[in-house]
Structure formats: C-alpha cells, structure tokens
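Written below as structure tokens is the structure these notes are about.
The values are calculated or read from the model by the stated rules, or taken from the named source; none is laboratory data. These numbers come from a predicted model, not from an experiment. Positions of Cβ are generated from backbone atoms using ideal geometry, with glycine treated the same way; all protein chains shown enter the neighbour counts.
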Amino acid sequence: MLESPPQILQEVFGYGEFRGEQGEIIDHVLAGGDALVLMPTGAGKSLCYQVPAIARHRESGGVTIVVSPLIALMHDQVAALHENGVEAAFLNSALSPEQFAETRRRLLAGELTLLYAAPERVTHIDFLVDLATLHDAGLLAGFAIDEAHCVSQWGHDFRPEYTGLSVLHERFPDVPRIALTATADELTREEIAKHLDLGGARRFVSSFDRPNIHYCVVEKREAKRQLLNFIRDGHDGEAGIVYCLSRRKVEETAKWLNENGIVALPYHAGLDANVRRRHQDRFLREDGVVMTATIAFGMGIDKPDVRFVAHLDLPKNIEGYYQETGRAGRDGDPADAWMAYGLQDVVLQRNMLEGSEAGERHKQVLRGKLDALLALCESTTCRRVQLLAYFGEHSAPCGNCDNCVNPPETWDAGEAARKLLSCIYRCDQNFGSGHVFDVLRGKQTEKVERFGHDRLSTFGIGADLSEQQWRAVLRQLIASGMVRTDPDHYNVLRLAGDWREFITSEQPLPLRHAAVATRAPRAAKSTATEDLGPLDAEGEELFERLRAWRREQAEERDVPAYVIFGNATLHEIALKRPATLAALAEVKGVGDAKLENFGEQVLELVVAPAATVE
Ligand code: ADP
Ligand code: ZN
C-alpha cells in the first residue's frame, strides 16, 4: 500500500502540512502524470519530487533519478536527505572509481530512493543501459529534472547537455517526469516544454512573489562606499552575496570589504577549483561570510540564511536579477536585494549586446530583455509590481520596496530630454556625453570653441540642470532606446529608436529627483519565524546554545549547519522549550530520523541550567 504523502511529510521531514501547491503536485506525480513546476526559490520544490520518490520506494523499491546541474547542489541535497534517514546518493566526477562502482551497485540493487546525477551522466549511453535494466525490473520510479531553465538558450544558465534530456522520455515514455525551476518567463517556459518534451505535462505555476525580500535600487556614485554603508547599516555580521561583472572587480571588492572589517571572500571562474571550493564551503558553513562573486557563483546555493544580495553591476536581464536576488532570505526572514545602478551600467550592457556575435533575431530578444530590466531600474513606482508583471503576475503595490516605502519625488524631464536629443543632433551625432553636456550647459571649453559649438542653437539651453541631472536624463534615454552609444567610436552618442516621434511630441518623462542613497526604514516582512513571535532573554540564550551545538554537529558530520536543523526549527525549540521527545517531535523540521539522532541531546540543552558558571 502506498503510504500517504502527509504521513511521509510528517515522519521524514517533520512538517505538519504541505505548502502551496506541493500536495497537489505530489498527488499528480504519484498518479503517474508529468509535471512542470514553476515555484520561486525557497518555496519548497525539493519536496515535490522527494515525497513521491519516498512513497514509490517504500511501495516497490523503485528509484527516482534527479537531474541536477551542480555537484555542490547534489552534495548538500544528499546530505540533507541522509540526516532525514532517506537512502540517497549521487553519481558525479567527485567520486573515486570505488565509490562510483559502489553507488552503481546500490542503484542496480534497488537500495536507493533517490539518485542525483548531472545531465551529461544521465544521457550517457552506459547510464541509459543501467536505466533500462532498472526499468525492466520495475525499479525505475521517476525522473526529476531540477533547475530546468538550464535548457533554455535565452536564459543565464544555459547548459547544452540539458537539451539532450528528451532522450529519457523517448526511451522510457511510461516513467513520470517532473521538471522544476525557479525562473521562467513565458519564453523560457515554452523552451522547457519544447526541449524536454513536456508539452503534455500539467503546469503548476506558483506566485513568484518573495514577500520577505525588500527591493532597492540606488543611483551609483561611489559604489564601493555605498555598498559598505549598506552592509554596515543593518547587515553587519550577516551572510550576503555581492555580485560584480568582472573578476577584477570581484577581487577588488573583496579586498576593500576586508580592509573595512567585513569578512569577504572572492569567487569567480578564474580562481583555482580548490580555492573556489574552500570559499564556498566557508560561505555555507560559517556564520556571516560575505561572498563577492561573478554569476559563476550561486546556482544551487541552498544556504537559507543569506540576508542580502547586492549588485554592484547590472545583471543581464530580469531572470538573472530575480534568480540572483532570490538567493536571499530562503528561510522566509526579512532580506534585502540591493543594487547600485548608473549610466555606465546602461552603456556597458548595451554595448556588450550590440557588439556580441549573436544573430539579429537573437539580439532582438536580448534587447527586449535588457529594456525590461532597465525599465525596472528606472521605475518610480513599486518594483515588485514590475518584477511580477514580467512573470505575468498582477499585483498591488507591495509596501516593501524602496519606491513604496519612500515614494520618489519626480520631475518631468520631457523638455530636458528633447533638448538633449536635439543637442546630440546638432553635434552631428559625433560626440560623447561629456561634450554634449558642456554644450547644453553653455561651457566655453577648448573643444567647444574648436568645433564652434558655442554657435549652436542648443548652446547653453540646459544651464539650469546640473551635470548629474543631465546624466540621469541621458541614462533614461539610453534605457528607452532613443540614444545609443557607439563603442567603436569613443562612445559617441547617436540617435536611435523613436527619437523623432518623441522630439516632436509633448510626451512627459518622469524622472526621480536624485535620492539620498541610504537605506530607508522598512517594514520587516517575514514569512517564517515572525509567526512564532520573538524570544525573551532566556529564549535568546537557549537559541545561541542550540546554534553552538548545531555548529559542532555540522562540523563533525561535515555538512552545512542548516542540514542539521534550520534556524526556524531552533527558534521554535527555543520558544517552546519541549521537555519530552513527543513534544520535540511536534516542532517543525523534526522528523523521525532527527528525533532519534538528536532528540536526547536537544532535550538536554533545553533543560540545562542557563548559567553553569561557578
Ligand atoms: P526551493 O528548492 O524551492 O528553493 P527548498 O526545497 O530548498 O526550496 O525548500 C526551502 C525550505 O523550505 C527548506 O528548508 C524546506 O525544508 C522548507 N519546506 C519545504 N516544504 C515545507 C513545508 N511543507 N513545510 C515547512 N517547510 C517546508
Ligand atoms: Zn513596492
């Protein structure tokens, strides 16, 4: 008899109820259906395939194959399953030949509930033969394809090997498949369905909102100084990720933070693999390490208590931004997504795009995506509304983003924009921004005189605005595609897009007044521990003791701390102070295996006298 999913949820994972659509998805998969699951980070995708896998295994000894793109991800998932008493393993290049052979033996013997492997392994002919053997023996329970957006070549994590995964369906059409991702605009969704042959799969689309994340975009001035202030102002000693575009900037930023007393480690593809692994381990296992990184870092980072994600450079598109910022606050506690954004970012991204080798059709797609991101940055209204709209969701102003908390004052830059466009035109589209601003502001520079630009009708017509204001106007025009910079000609400004229509119109162009770039007070929104209420002094003290104990356990077992117990679980223990194993079992996140392994120790910690100092 198939064990019921709620039973497994309680017994193995220690949770009392399913979240969102988890229950429905699990029932669908257990009934043999294919599923395409779109859920934001932290919503609980893993359980959607782990619970059916456990149910199937208990029923028939079958194994579920999980396709996962990263070794680190497999490692942590398997460690977490072990702590919950589930037989899981991974096959990847990190295994010795002996370990590999042993895992394969266990697989074929039907001992495993879940097997994690990379796409290139899964589609390898030797592995397909093993799968066929399992299938013939009735031991192939299902396929789960994690991070399914890797199949999309428009996305930021494209993995060519993912496109080969349709072979699973061709060879084993009767084995149910579930594909999962935290990122998917309409285009990516279609790509997943197409390339993975999941056209007939039922789609489960959860809300993409991450209510506990506070979004904020500041105007870039002295980016590193702004970053430091942002970290000191509310994130001192907390774990966070800082994204930069180049390796050099990653190194510089890490150095600067360390010089200023913040523990930061660099991570990028140019570092030795051992160094990368060491830094990643420290980030995962220690409290309060800041990782400065290129986008090479992050996919599959399951660390639940990342309190902020900062962007010092513009990401490529909204999917990238959403995915990267989504690594903050998986535990549901308040977290910050902070970005410094300036004219240079716009110019750089536009130039990279136009200068790339991509074909015109591809570029068209990329342009659309960049435009959407720029519109998000320039927005003077709720960021979340815009972000969710991009994923096809309607929502009301959120009250938890910079624009909601501190509505920006705007001014109409329509007239100024028209002056700027016409000045670029008068300068024969042959000069960079500095010179054009000089002409507008009526500055008698040597260059202005040399080209006789003081005789232009646009000379001095913009003296009322500061250079910084002009930069903001230009940024907006580049963002909206009416001005392009030419990277092959000293970044001279050229007119483009709908500039003619705009210049003869009276269209307004709302621009924010340069905001004071500090963190506005914000409504702390929590989706997790808040419901439980705060701890008193004694509770705090117990929480710290539990945390110290957890750190020891994690080190001893060589797993990340959250694999032992999450913060929410420790919080609940500190609050409820369970006195018996039965009471402890009621706490969320305490399943049978953990109760058996850690129960007595936790109870001892709870009853221990608060101070044993002589
Ligand atoms: P995702 O893969 O979607 O980012 P995870 O599967 O890692 O999210 O789950 C995020 C966190 O939520 C994990 O700590 C997980 O144990 C917890 N979680 C998942 N489902 C539930 C549930 N039904 N009740 C309580 N906690 C849950
Ligand atoms: Zn908002």
task = Please find, among Ala35, Ala79, the residue that is out of contact with any strand residue (DSSP E or B) (no Cβ under 7 Å at 6 or more places or on another chain) and in the same structural domain as Val122 (by TED's automatic domain parsing).
result = Ala79
ask   = Do we have Gln280 as surrounded by 15 or more Cβ atoms within 10 Å (Cβ to Cβ), within 30 Å of Pro397 (Cβ to Cβ), touching a strand residue (DSSP E or B) at 6+ places or on another chain (Cβ under 8 Å) and touching a residue at least 12 places away in the same chain (Cβ under 8 Å) here?
value = no
key: All positions within the stretch 54-82 that are in contact (Cβ under 8 Å) with a residue 60 or more places away in the chain, more than 10 Å from ligand 1 (Cβ to nearest atom) and closer than 22 Å to Met299 by Cβ   = Thr64, Ile65, Val66, Val67, Ser68, Pro69, Leu70, Ala72, Ala79
task = Take the stretch 427-450 and flag every residue that is more than 19 Å from Gln468 (Cβ to Cβ) and over 41 Å from the mean Cα position of the chain (by Cα).
result = Cys427, Asp428, Gln444, Glu446, Lys447, Val448, Glu449, Arg450
note = Considering residues that are of a type in the set (S, T, N, Q), part of a helix (DSSP H, G or I) and in contact (Cβ under 8 Å) with a residue 12 or more places away in the chain, the number found within the stretch 376-389 is 0
note = Sole miss for Phe391 among (1) farther than 24 Å from Asp313 by Cβ; (2) within 16 Å of ligand 1 (Cβ to nearest atom) is condition (1)
task = Look at Ala417 and say whether it is modelled with pLDDT of 95 or more and crowded, with 22+ Cβ neighbours inside 10 Å.
result = yes
note = Of the listed residues (Leu575, Leu546, Leu603), the one being away from ligand 1 (no atom under 16 Å from the Cβ), in contact with a Ser or Thr (Cβ under 8 Å, 6 or more places away or on another chain) and not in a loop (DSSP other than H, G, I, E, B) is Leu603
Qualifying helices (runs of 4 or more DSSP H) (wholly inside the stretch 14-128; at least 3 residues being in contact with a Cys (Cβ under 9 Å, 6 or more places away or on another chain)) = 22-30
request  = Take the stretch 248-288 and flag every residue that is within 26 Å of Arg550 (Cα to Cα) and of a type in the set (A, V, I, L, M).
outcome  = Ile262, Val263, Ala264, Leu265, Val275, Leu284
query = Which one of these is more than 16 Å from ligand 2 (Cβ to nearest atom), over 28 Å from Lys303 (Cβ atoms), touching a residue at least 12 places away in the same chain (Cβ under 8 Å) and among the aliphatic types (A, V, I, L, M): Leu353, Leu373?
reply = Leu353
Only listed residue being acidic (Asp, Glu) and within 21 Å of Gly481 (Cα to Cα), chosen from Asp336, Asp313 = Asp313
query = Residues that are out of contact with any strand residue (DSSP E or B) (no Cβ under 8 Å at 6 or more places or on another chain) and within 16 Å of ligand 2 (Cβ to nearest atom): which helices (runs of 4 or more DSSP H) entirely in the stretch 390-478 hold 2 or more of them?
reply = 402-405
remark   = Of the candidates Ile65, Ile54, the one satisfying the condition of being at pLDDT 95 or above, of a type in the set (A, V, I, L, M, F, W, C) and under 22 Å from Ala118 (Cβ atoms) is Ile65
task = Look through Ser480, Ser457 and report the one residue that is of a type in the set (Gly, Ala, Ser) and closer than 30 Å to Ser356 by Cβ.
result = Ser480
